[in-house]
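Report on one structure; see the data block that follows.
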Amino acid sequence: MLNRRIFSALALIFVISLLSVSVATVRAQTGTSLTLYAGEKSTSTYGFGTSSSDITSPGPTLNLVEGTTYTMTVNNVGTMEHSWEISTSKSATTSPLWNAGIDISTYIPSGGSGSVTFTPTQTGNFYYVCTFPGHIALGMWGNVKVTSSAVPEFPSVLTLLFMALAVTGLTAFLARQKIKISKFPNF
């Protein structure tokens, strides 16, 4: 009876350590902040940039990872109203992918900003656009590339110690049981 309790306790430690690896990986995939600046490069070219002085048309490519939660903030540094959304094409929609839209019908005023939190649920190539009428044609769009997570997070030192303790304990326990059985065949 005592042997079963020891075995169960060691097995439980091992299972808990395995679960902590998966929990650590999920935590690492949340809360990534992104910032874009929306504005006009000239009277005939609008765009997005990574700073207020670096507006490009098209805007910079966003490289996202499926299943990771992002908070996008868009700062309007232009003189016109702007917005931001992710869509499957270079056109405005009424329902952005993953609800990734900022003021798509009310617009961000000049000098204002807006934020949205979203989680991509599929891989592929998409677009982000300004939904203000005519702005996409003036260059207010960029590419969004969503990839799957290829590199898992390495487990923490504490997790590795728990796993090592559990494996060592289970090995010692099983080795001891084998010795007992071979010493006492009628056990």
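Every number here is computed from the coordinates shown, using simple stated rules; none is lab data. What you are looking at is a predicted structure, and each value in this text was computed from that prediction instead of being measured. Here Cβ is always computed from backbone atoms with ideal geometry, including for glycine, and neighbour counts include all displayed protein chains.
Kindly work out what percent of the DSSP beta bridges joining two residues of the stretch 30-147 are antiparallel, to the nearest 5.
If I count the DSSP bridges inside the stretch 30-147, around 70 percent turn out antiparallel.
How much net charge surrounds I55 when only the other residues with a Cβ under 12 Å from the Cβ of I55 are counted, with Lys and Arg +1 and Asp and Glu -1?
Here the count lands on -1.
Dipole of the stretch 30-147, Cα-centred, from +1 at each Lys and Arg C-beta and -1 at each Asp and Glu C-beta, to the nearest 20 debye?
180
Could you give the length gained on full extension between V167 and S33, defined as 0.36 nm per residue of separation minus the Cα-Cα distance, in nm?
Using 0.36 nm per residue and subtracting the Cα-Cα distance, I get 44.4 nm.
How do R176, R4 line up, fewest other C-beta atoms within 10 Å first?
R4, R176
Taking the Cβ of each residue in W84, W141, W98 as the centre, tally the other Cβ atoms inside 10 Å and list the residues starting with the fewest.
Going from least to most buried by this count: W98, W141, W84.
Looking at A38, T68, T131, which one has the Cα that reaches farthest to the positive end of the dipole of the stretch 30-147 (charges on Cβ: Lys, Arg +1; Asp, Glu -1)?
T68
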